[in-house]
Amino acid sequence: MAIKNFWAFNPGETIFADKLYQKFKSQLDLYFPIKDTGIDLLAMTKGFKNYVSFQIKESRYFEDFGSTWHQETKKNFDKNKNRVNFYVFVTYLPGYLANTKKKNKFVIHFVIIPTEELLRRIECKKANKNGTYDFYFRFEDNGKLHEVREKKSVREDKDKCWAFDYSKYLNAWDLIDKKL
């Protein structure tokens, strides 16, 4: 049995949990599972009437490539599809790229996407030879968020181009609220 190391939580998990608690503290209690089952964080409504589960991935912004880089294996997607309500991609964007006053600080963004929607989107992607899906997110100047680095022919396919615009999932706390 794989047990999580409680003395070394993944920073993205704790940062997301803190932000989630700040936004929904009157509605939710948060729990970190002991056994690694694919759920990184479990949020229970007060009174235990409902729960929301999260798989959390984190990445810094790679300035040389102009994007973040997150990964998830096909095996984990298959395992988690009925367990996890949301995938959360945590991104650390350097302040000097985010037009903030504190240029040496990071701005943290959360791409919060329902698992079933993410599974629909990966149908337009190809896993690499190791069975891993790569997600490269780019923050555009117009406030949009796009996944990049798929083959141009795939990105420009009119039947698939919707799959690369993640703008509506950027800091989409309202999706969690609806699930509660």
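The values are calculated or read from the model by the stated rules, or taken from the named source; none is laboratory data. Quantities reported herein were computed from a predicted structural model and do not represent experimental measurements. Cβ coordinates were reconstructed from backbone atoms using ideal geometry, including for glycine residues, and neighbour counts include every protein chain displayed.
Odds and ends about this structure:
- Scanning the stretch 54-81 for residues that are under 23 Å from LYS126 (Cβ atoms), at pLDDT below 85 and of a type outside the set (S, T, N, Q) yields PHE62, PHE65, GLY66.
- Considering residues of the stretch 9-39 that are assigned to a loop (DSSP other than H, G, I, E, B) and among the aliphatic types (A, V, I, L, M) only, the residue farthest from PHE86 (Cα to Cα): ILE34
- Criterion applied to VAL84, VAL88 was being modelled with pLDDT of 95 or more, surrounded by 16 or more Cβ atoms within 10 Å (Cβ to Cβ) and in a loop (DSSP other than H, G, I, E, B), and the one residue passing it is VAL84.
- Residue that is surrounded by the most Cβ atoms within 10 Å (Cβ to Cβ), among those in the stretch 124-146 that are modelled with pLDDT of 85 or more and outside any strand (DSSP E or B): ALA127
- Test result for PHE110, modelled with pLDDT under 90, of a type in the set (Phe, Trp, Tyr), under 19 Å from the mean Cα position of the chain (by Cα) and surrounded by 13 or more Cβ atoms within 10 Å (Cβ to Cβ): no
- Consider the stretch 44-74 and keep the residues that are among the small types (Gly, Ala, Ser) and under 19 Å from the mean Cα position of the chain (by Cα). The one that is surrounded by the fewest Cβ atoms within 10 Å (Cβ to Cβ) is GLY66.
- Listed by first and then second residue, the pairs with beta-carbon distance under 8 Å, at least 6 apart or on different chains, first residue in the stretch 129-150 and without any contact (Cβ under 8 Å) to a residue 24 or more places away in the chain and more than 20 Å from PHE77 (Cβ to Cβ), second surrounded by 19 or more Cβ atoms within 10 Å (Cβ to Cβ) and not charged (D, E, K, R), are HIS146/PHE137; HIS146/PHE164; HIS146/TYR166.
- Selection of the stretch 147-180 for residues being at positive phi and either in contact with a Gly (Cβ under 7 Å, 6 or more places away or on another chain) or at pLDDT 85 or above (or both) yields only ASN171.
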